Every structure is written in structure tokens, then in C-alpha cells.
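Heads up, the thing below is written out as C-alpha cells.
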Amino acid sequence: MSDHEYTPKSKAGKWFNDRLPLLTLANHLTDYPTPKNLNYWWTFGGILTFCLITQIVTGLVLAMHYIAHADMAFESVEHIMRDVNYGWLIRYIHANGASMFFLAVYIHIFRSLFYGSYKSPREIIWIIGIIIYLLMMAAAFMGYVLPWGQMSFWGATVITNLFSAIPFVGEGVVTWLWGGYSVDNPTLTRFFTLHYLIPFLILGLVVLHIWALHVPGNNNPVGIDVKKPSKDTVPFHPYIVIKDGFALLMFMIVFAFFVFYAPNILGHADNYIEANPLVTPAHIVPEWYLLPFYAILRSVPDKLLGVVAMLSAILILAVLPWLDTSKIRSAVFRPLYKQFYWILVADVLILGYVGAMPAEGLYLLIARVATAYYFLHFLVILPVLGLKERTIPLPLSITEPVLGGSPNMAMAKKNESKIE
Amino acid sequence: MRNILKIFSIIILFCLPNANVISAEKVEYLKTDWTFKGLFGKFDRASLQRGYQVYTEVCAACHSMKYLSYRNLSEKGGPEFSVAQAKAIAASFEVTDGPNADGEMFQRPGKLSDKFVMPYENVKAAEAANGGAYPPDMSVLVKARGGGVDYIYSLLQGYEEAPSGMVLDDGVHYNKYMYGNKIKMSAPLSDGIIEYSDGTNASVEQMSKDVTTFLMWAAEPSLEARHQMGFKAIVYLIILTILVYFSMKRIWSRVKSEV
């Protein structure tokens, strides 16, 4: 893992490090050579780590006061909001923290898509990332159920009912998930248990994600391999630490704005109505971060195929390194891919928008077209584009485009500054 | 800076679908100047106290407020009745307590620590007394409705004659702002239905505003503390961000690269 042998200076340090090389690890982390041309889109890894820790810490405190019981959950949340010291603050950080977490993860994923960070030799980092993303969605969904409001209850009912689409055993599976014949107390208690468990699974995977990252090192906006350590790299500390810190603070300002001035804007009003199995809300919508997939689910007329489409939309990302046939990583040198990339971004935003709308009329038509395009992008455009596209020649090193060079390099520089 | 602008625009784009969910069913609500909106928003103390009067003399006949306690009435950031006033308010209610040493339930005057007394024993009793419609608990009502305070404020003033051709069942009323325009609650407010203890003219508009302010506080009792802390937190973060920005520039000046 380490690029050079490290020996602690003190005798005690050496004694300890020979038995448990924590100091070697710390040294590796501080010295870790990082490409010096990373832009701010690369700061979201650190921001995501912050989000995860924030969720775990606030979640622990909430769990001390929350009661996972169908008759008491809603009331216990109000107890947190009213009677627990700064309970309102902790709950609003946790609830908005989930949204911030997803905002950051989407930027992180789309950064990866733009700069081809999923390509060889970083496929494992990418796949671990997709598993983390899946677990995040599971954790967020179950967390949204815990306040036991109307959207909690009906969201849980709709999503768990998806499993009934499985041929032959579907109904049995749903009953097994519920722990009964409808979403009820057993469902709530198991969701609470899993909601508590998943963040720690994510934490473990994050360690693997970073470990896997530290083998090849960071990709960079130019997308070419960087010699490490060299004049193209800087040590992680202090260069990247302060830059990530700066970006994190900017992010925290946005986060704080939501927590203090619009804490409920990202939630749904119906979730302040206690769960009532006898009254179905007019529109059952998931949280915003799940809307694109919800749109895909609803755009397919058949229930089973809809579920398959929704799951495929996520799982297709796991095989992305093999669907994208281009050897060039960064979109900076792929003029056509760059355009398709922005179309995909628009496509996902459109899916998110129609996911919030009733599945009828024009909205349904748009959802279907956007769903079709989503799969077209990954299954047809990417494989073909990699073989057909005329790419811009790559510079020899990342310092070259920065310092200017041949006309091609200047062009690369121009393109790069456009996306930064 | 362009990155930052992009981040902000992405945030806004992501928020749009939600905003649209709400606006899809929206009619233009009546607007008024709420003192509790904005960065420094605070409740109008007198309005909260009047609002409590409207709640307790009108709404509380049918609507419970089960998550509030009488002690909340004297707490900072709320109506801020004096402790003596809050005690007197609590004592004016009969609370069922017990069982006592003989195993009997008994009635006693309310204390600060008691929750607001409910008008009905349970949901079924409330439904039975109101033609089958449950008068919703008002503790978090403002947050439980898409339009929030503007919706409640409008609804209270939205009673009109039903348009010709619309058939209303017995005990159903027409309201311009209600979802589907049909509401089981009859117009709760009328000019002068109560007499404000501070002498304010009790018009429907005034009472609507006061009681909605009170409901906002009931749903969000920490609103003032939140706004105050939020301002401090954000100013602190901005200053720290600026300091870190210059430190970063300094550190990165050692290498030939931009940040």
C-alpha cells in the first residue's frame, strides 16, 4: 500500500508500528500522492464521508429518544422535536442530511461518468460505489418510514408491494418482509433495525472504496495515468485536505441553510399526518432522490417488468466499465461523448421531474421516452461511441495542458476550462 | 466561482420536482405579512396570545392539540404568558388522573406539566360527534398541509356560497381553498365571535391571522431559536470559509497549479 518504507522516529512508535502498522497507514494517508489538477468535483468524496459521519452521529442520538412502535413512533418524533434538548436541530440535520448525502452522491457519480473514473483500473472502486449507493437508497427509504407518517406508511406499502411482482413466490415474499399481512408494527421494528445496521455496512464499504482507490490513485480531469509521486502530484496533506475542507465548508453553508431556514421543504407535508391504514394519500411520492427510478418503474405498464426496469436502471451502472468501450477516460477528449453526457444528465433530471407528477397523459409519455433513452444511452450509445468516436489526442502529462504545448494541447486546455 | 454557481443551480434543479408537487394542486392563497418568515423571523407575541384565545375558545371545542403541554405557553419563543398566567390557564381545565390509592380515576385541576386536554375521549368519539369527519389534531397541522400557514389562513376565510350546480350533502360546506372544495367543518369564525382580552377588533381576518400564527408556533415551537442559531451558524461558516480560502491559496501557491 505504501509507496516507500516508513519508519517511526521514536522508539515507542517503532515498537508499536512493528506490531500494528497504524503509523504507516497514517503516513500513507498524509503522503498519498494526488494529481494536482483535481477540480472541485473531486471534493465530493470528502463531503460524502462527512455526510455519512453526520448521519451516524445524529442518528445515534435520535435512536436514544425514538420509539420503534407503530403506536408511539409518531409521538416520539414529536417528543424529540419538542422536549429533547436541541432535538429539533438533531432531527432536522438528520432528515436534511439524507438529502444532502444524495445531492453529494449524485454529483460524485456524475463526476465519475464525465471523467471516466469507472474505467480500468478502477472498476472495483466503481462497483463498490454502486453497492454503497444501493445501500444508501435502502437506508434512506427505511429511515423515511420511521416517523410513521402517512408518506412513511404508504411509501413502505408501495415499495414493499413491488416484491409481489416476483412470479409464484411474490405474495409470500411480501408477507415475509412485512412480518404480517400489511405494513404494521413488525415492519416498523425490522425497518428500524435495518436502518441502524446499514450505515455501518456503508462505513465498511467506504473503507474498501478508499482502499481500492489508493491502489491506482485518483483519476483526474485529464484522465491520463499520473506518475506517482512526481511533479504532477501533491501530497494529500496539506494540499487536498485544505481544498476538501474549503469545499466542505461551502457545502455546509448550503446544508445549514436547509436545516435552519427550510427544514421541511424537501419533505412531504403528508408525513406530518400520523400513519392511517384506512386513508390513502392523493399522491404517493418517494423522496426526491428516488424520483428518477420511480418514474422508470411507473413508465412500464407491466408490474413485473416495471420492477425489472427499475432495478436494471441501477444495476446497469455496475457493468458500465464494460459497456463503455472507449479507452479514453475524460470527456474532455471525447467531444461526442461530452454531448451525450449532458443529454443523459438532462434525461435523469426529466425523469426526476415526471417521477413527481401523476403517471398519466403527457407525463407518462415523457417518462417512457426518457426511460427508453436512459437504457439507450448505456446499452447502445456508449458501446458504439467508444468504437466510432474521433477523440482529441491526449497530452503526455497533466502538466502539459496546464503549461500549454502543441495546438492540440491548447485546445484541450480550452475544453477543460469550460467544464471546470 | 463557476463551479459554485453550477452546484447551486443543480440544487435548485433538484428541488424543482418537489416544488411542483405542491404547486400542482395549488390555488392562489390569500397572503398576509407573517412576522415569522425570513432570516430573522420572530413570532408576534401579542398575536400568539390572541391566537391562543381563538384556539381555546373556538377551535378547541373540536380540535385536540395533544403534543402540547400547558408549560409550553410560558416558554421562551412562544406566546410567553407569565408562569402564573400559564398556571391559571392549566388550572381552568379538568384533568382525569389516577388511579388513586383506591384504584379510582379522579378529576383534578390541570397543572403546567399536563398535556392540552382533549375535547374527545378518542378518535371514534370525535368522529361520532362531527358527522363522521375527524377534526384533525392541530399540533402539527400547519406542517401537515401543502400550503402551510397560507393555506390555513385562506381556508378560514374561504367559506362562500357553493357555485350553482354544485350539490352539497347535509353537513358539508363549500370552501374555496379546501381540496375538492367540500369541507365538513362549518365556518368556524365570524366577526366578533370572541372578545379579545387586549381589545383588538376580532374580525375574521384578524382572528385567522392570529390563530394561524399560534398554529405555526404549535407546530414549530423552536422556530425562533432555529432562526437565531441559523444566522449565527451561517455567519460563522462564511467567515471560516473565507479564512480557509486564503489559507488554501497560500498553501497552493507553493505548487504550480490552480485551485
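Just tell me, in residue order, which DSSP H segments of chain A are both 20 angstrom or longer along the helix axis (alpha-carbon based) and at least 0.5 in mean Kyte-Doolittle hydropathy.
Answer set is A:44-65, A:87-115, A:123-145, A:185-214, A:241-261, A:335-355, A:361-376.
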How would A:ARG334, A:ARG82 line up from fewest to most surrounding beta-carbon atoms within 10 angstrom? A:ARG82, A:ARG334
Got a sec? Charge dipole of chain B, +1 on Cβ for Lys and Arg, -1 for Asp and Glu; which of B:TYR151, B:GLY230, B:MET216 is way out at the positive end? B:GLY230
Is the shape of region A:285-389 best called rounded, prolate or oblate, per the rule: a/c under 1.5 gives rounded, else a/b larger than b/c gives prolate, else oblate, with a ≥ b ≥ c the square roots of the Cα gyration tensor eigenvalues? prolate
Taking N as the residue count of region B:122-178, its alpha carbon Rg divided by 2.2 N^0.38 Å gives 1.31
Roughly what angle does helix B:2-24 make with the longest principal axis of chain B, taking Cα atoms, 0 to 90 degrees, to the nearest 10? 20
Prolate/oblate/rounded call for region A:10-78, Cα gyration tensor, a/c under 1.5 rounded: oblate
Cα centroid of region B:76-133 to Cα centroid of region A:13-66, whole Å: 51
State the volume of the convex hull built on the alpha-carbon positions of region B:176-222, expressed per residue in Å³ and rounded to an integer. 103
Which one, A:SER330, A:SER299, A:SER312, has the greatest fluctuation when you compute a Gaussian network model over chain A with C-alpha springs under 10 angstrom? A:SER312
Do you know the relative contact order of region A:285-389, to the nearest whole percent, from alpha carbon pairs under 8 angstrom that are 6+ apart? 42
Test of understanding: ordering A:TRP322, A:TRP148 by Cβ neighbours within 10 Å, fewest first, what list do you get? A:TRP322, A:TRP148
Can you give the direction-averaged projected area of the convex hull of the alpha-carbon atoms in chain A, in nm²? 23.9
Between A:ALA140, A:ALA282, A:ALA247, find the one with the highest GNM mean-square fluctuation for chain A; connect C-alpha pairs within less than 10 Å. A:ALA282
Tell me which of A:ALA63, A:ILE127, A:TRP148 sits at the most positive position along the dipole axis of region A:20-281, charges placed on C-beta atoms (Lys, Arg +1; Asp, Glu -1). A:ILE127
For region B:68-138, projected area of the alpha-carbon convex hull averaged over all directions, nm²: 6.0
Within region A:275-312, the residues whose backbone N lies under 15 Å from a label point placed 7 Å from the Cα of A:ALA138 along the Cα-to-Cβ direction are A:311
Of B:ILE152, B:ILE242, B:ILE89, the most mobile residue in a GNM of chain B (C-alpha springs, cutoff 10 Å) is B:ILE242
Along the positive direction of the dipole of region A:285-389 (beta-carbon charges: Lys, Arg +1; Asp, Glu -1; about the Cα centre), which of A:VAL369, A:SER299, A:PHE333 reaches farthest? A:PHE333
Could you give the angle, 0 to 90 degrees to the nearest 10, between helix B:45-57's Cα long axis and the longest principal axis of the Cα atoms of chain B? 30
Provide the convex hull volume over Cα atoms per residue for chain B, in Å³. 199
Cβ-Cβ FRET estimate between A:ASP83 and B:VAL95, R0 fixed at 30 Å, reported to 0.05: 0.95
Value of relative contact order over chain A, rounded to a whole percent, pairs C-alpha under 8 Å and six or more apart: 21
Whole-Hz ³J(HN,Hα) for each residue in region B:194-207, computed from phi via Karplus 6.51 cos²θ - 1.76 cosθ + 1.60 with θ = phi - 60°, x for glycine and proline: what do you get? 10, 10, 5, 5, 9, x, 4, 5, 7, 7, 4, 4, 4, 5
Let me have the relative contact order for chain B, percent, based on Cα pairs under 8 Å that are six or more residues apart. 23
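Size of the dipole of chain B about the Cα centre, Lys and Arg at +1 and Asp and Glu at -1 on the beta carbon, nothing else charged, in debye to 20?
With only Lys, Arg, Asp and Glu charged at Cβ, the dipole is about 2080 debye.
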Suppose R0 equals 22 Å. What FRET efficiency, 1/(1 + (r/R0)^6) with r the Cβ-Cβ distance, do A:ASP71 and B:ASP102 give to the nearest 0.05? 0.15
Under 14 Å, Cβ to Cβ, from B:ILE193 - net charge with Lys/Arg +1 and Asp/Glu -1: -4
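Which loop-located chymotrypsin sites (Phe, Trp or Tyr not before Pro) does region B:31-69 contain, where loop means any DSSP state but H, G, I, E or B and the Cβ has at most 14 other Cβ atoms within 10 Å?
B:PHE40
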Checking region B:28-91 for GluC sites (Glu not before Pro) in a loop per DSSP with at most 11 other beta-carbon atoms within 10 Å yields B:GLU28
Label A:VAL215 and A:LYS388 with points 7 Å out from Cα along Cα→Cβ: what is the distance between them in nm? 3.5
5 Å is the cut-off here: which amide hydrogens, built 1.01 Å from N in the peptide plane, fall below it relative to A:THR34, excluding neighbours closer than 5 in sequence? A:VAL234, A:PHE236
FRET efficiency for A:ALA12 and A:TRP322 from the Cβ-Cβ distance with R0 = 51 Å, rounded to 0.05, comes out at 0.55
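Using only the Cα atoms, work out Rg/Rh for region A:123-228, with Rh taken as the Kirkwood radius, to two decimals. Walk me through the intermediate numbers first.
Values: Rg = 18.7 Å, Rh = 16.1 Å.
That ratio is 1.16, to two decimals.
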Order these by the 10 Å Cβ neighbour count, fewest first: B:CYS62, A:CYS51. B:CYS62, A:CYS51
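Quick note: the coordinates plus some simple rules give every number you see, no bench work behind them. The structure presented is a predicted model; accordingly, all values stated were derived computationally and were not measured. Positions of Cβ are backbone-derived with ideal geometry, glycine not excepted, and every protein chain shown enters the neighbour counts.
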